[in-house]
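**Student:** Right, I'll just put the structure down here and ask away after.
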Amino acid sequence: MRRDVTVTVADSHAGRLDDLVGRLTRAGMEVTQVLSTLGVITGSVDDAQLPALAVVPGVGAVEPQTRVQLPPPDADVQ
Amino acid sequence: MSTGPGEQEAQTTGRSVVAFGDDVGGSRDLIGETLRSIAGIANVVLASDHRAGAPEPDAAAGAEAIVFDTLGVALVAREPSALAASISSAGAPGAAIVAVEPERVMHAIAVEDTVAAAQFADDDAFTWGLRATAVDASSATGRANRGAILDTGLDFKHPDFAERSVTARSFVAELSARDGQGHGTHCTGTACGSPAPPTGRRYGIAPEAEIFAGKGLDDTGAGTDESILAGIEWAITNGCRIISMSLGADIVSTAYETVGRRALAAGTLIVAAAGNNARRASGERGFVGVPANSPSIMAVAAVDADLRVADFSAGDNPVEGGQIDLAGAGGDVHSSWPLPQRNNTISGTSMATPHVAGIAAPWSQRADARGQALWDALMQGARSLDLPPADIGAGPVQAPD
């Protein structure tokens with residue numbers, strides 16, 4: 001199954017995102033956003049490739065993307 | 001720590017507090033050498049030799065002097081008058097020691113300093129939330145401060161925002177930044193709405209702040225990290241000092257903690273809703289969710305108009321950063337709503353959050369503070385209540401005078 005993921009770049013690689021994007025792509029990730037100020041890269045990957053992604057040098061953490069959902073606009077508590 | 005009337009008889013310990021001049025104060029060697037040469041004090045303990053920064057009581061017990069070298073201060077086991085005499089007879093350079101004072105006995109600040117709960121209500125001039133957070137008595141407007149609201153967008157045609165500087169961007173595919181839900185317009189109204197709305201009471205806190213409206217949630221109120229993180233990056237690169245996020249999920253995340261830390265370092269404070277998963281009347285305290293449960297993201301709880309913890313307002317959770325930091329007005333909050341309705345009154349930690357974000361703008365304006373300094377100013381300015389910090393943190397946020 002394909003999964004949307006958020007990759008947090010390790011502090012040690014904060015200034016070298018281009019290299020990391022190449023390594024992530026080769027490890028099977030389809031990169032959709034490179035947020036260089038935050039040091040975060042988003043995209044998607046097959047479940048089978050997740051372990052390989054986590055050990056790419058420069059990766060601090062790989063997490064499945066969170067989904068948030070507000071209550072409907074007519075709810076009392078928002 | 002002022003000495004007010006009736007405190008002239010403050011107890012002293014017989015020891016002296018010595019303040020060193022700037023030339024000496026930063027150097028442990030120079031402080032030690034100064035104490036040895038002028039007062040013959042050899043048994044000196046350096047606070048910075050201890051891991052926690054303060055010497056353990058046992059190690060400090062036999063010392064003649066404890067040097068807090070990062071503060072440029074030493075606690076010396078000599079009577080102040082005797083020590084002052086030694087200094088003067090040694091002819092010590094005037095700049096080395098700037099003050100010798102008696103050490104006073106300190107007492108914990110008494111509970112009377114906390115304010116008893118009060119009742120607030122909307123009136124003709126202000127919402128209860130602006131009364132309870134002292135916005136009604138503040139002259140600060142948040143002028144020249146950029147603040148971002150990452151939410152469902154904004155109703156640009158709403159009269160509250162027609163004359164305002166608004167920069168908007170959508171991070172949701174195939175949708176403009178227009179608010180088709182209402183939540184984002186309500187939160188923006190609280191944080192940045194008009195000082196004098198054409199009808200009814202004031203609910204806007206920072207009417208001269210520059211609004212950055214980022215649509216990270218679609219018109220059903222749903223969003224993903226993909227869009228929210230992009231909105232945070234956009235706000236930081238645009239120089240926003242504050243990001244208000246009235247959103248969350250019931251999990252913990254490494255990404256948001258790293259993001260909060262990097263944002264603070266870049267001078268941007270992220271404020272987030274603690275969450276509405278408590279049912280206090282049924283004994284459930286709930287727990288702070290992502291992203292508010294990150295140590296570097298400020299978690300905001302909700303109080304009601306009686307300054308009680310709102311029934312739905314999540315309490316702390318045991319993860320690092322899972323504590324509540326501040327509270328805002330979150331029960332029956334009147335604010336902007338997309339036309340034609342114009343206004344709406346709803347409740348939630350989502351409504352408490354823009355009270356904190358809005359009040360951060362005048363604090364930033366007043367103290368020229370950003371990042372961690374802005375965080376500290378907000379925390380120190382909070383109103384102390386006799387309620388558990390696990391539920392309201394430092395207490396309800398307060399505007400500067």
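The values are calculated or read from the model by the stated rules, or taken from the named source; none is laboratory data. Since the structure is predicted, the reported quantities are computational estimates derived from the model, not experimental observations. Glycine also receives a Cβ, built like all others from the backbone with ideal geometry; neighbour counts cover every protein chain displayed. For the accessible areas, the whole protein counts, side chains as well, though only heavy atoms, and no ligand, DNA or RNA atoms are used. Shrake-Rupley method; radii C 1.70, N 1.55, O 1.52, S 1.80 Å.
**Student:** Residue by residue through the stretch B:217-271, note down the ones that are facing chain A (nearest Cβ under 9 Å) and in a loop (DSSP other than H, G, I, E, B).
**Tutor:** B:Leu217, B:Thr220, B:Gly221, B:Ser246, B:Leu247, B:Gly248, B:Ile251, B:Ser253, B:Ala266
**Student:** Quickly run through the stretch B:274-293 and pick out the residues that are at the interface with chain A (Cβ under 9 Å from one of its Cβ atoms) and open to solvent by 10 Å² or more (accessible area, probe 1.4 Å).
**Tutor:** B:Asn276
**Student:** Restricting attention to the stretch A:22-70, which residues are at the interface with another protein chain (Cβ under 7 Å from one of its Cβ atoms) and not polar (S, T, N, Q)?
**Tutor:** Across the stretch A:22-70, the qualifying residues are A:Leu35, A:Leu38, A:Gly39, A:Val40, A:Gly60, A:Ala61, A:Glu63, A:Arg67, A:Val68, A:Leu70.
Listed here are the residues, each with its yes/no results for (1) within 20 Å of B:Phe120 (Cα to Cα); (2) open to solvent by less than 20 Å² (accessible area, probe 1.4 Å).
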| site | (1), (2) |
| --- | --- |
| B:Arg342 | no, no |
| B:Gln372 | no, no |
| B:Trp375 | no, no |
| B:Met379 | no, no |
| B:Asp386 | yes, no |
| B:Pro389 | no, no |
| B:Gly395 | yes, yes |
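**Student:** Looking at the structure I just gave you, is B:Ala206 surrounded by fewer than 19 Cβ atoms within 10 Å (Cβ to Cβ), of a type in the set (A, V, I, L, M) and more than 14 Å from every other protein chain (Cβ to nearest Cβ)?
**Tutor:** no
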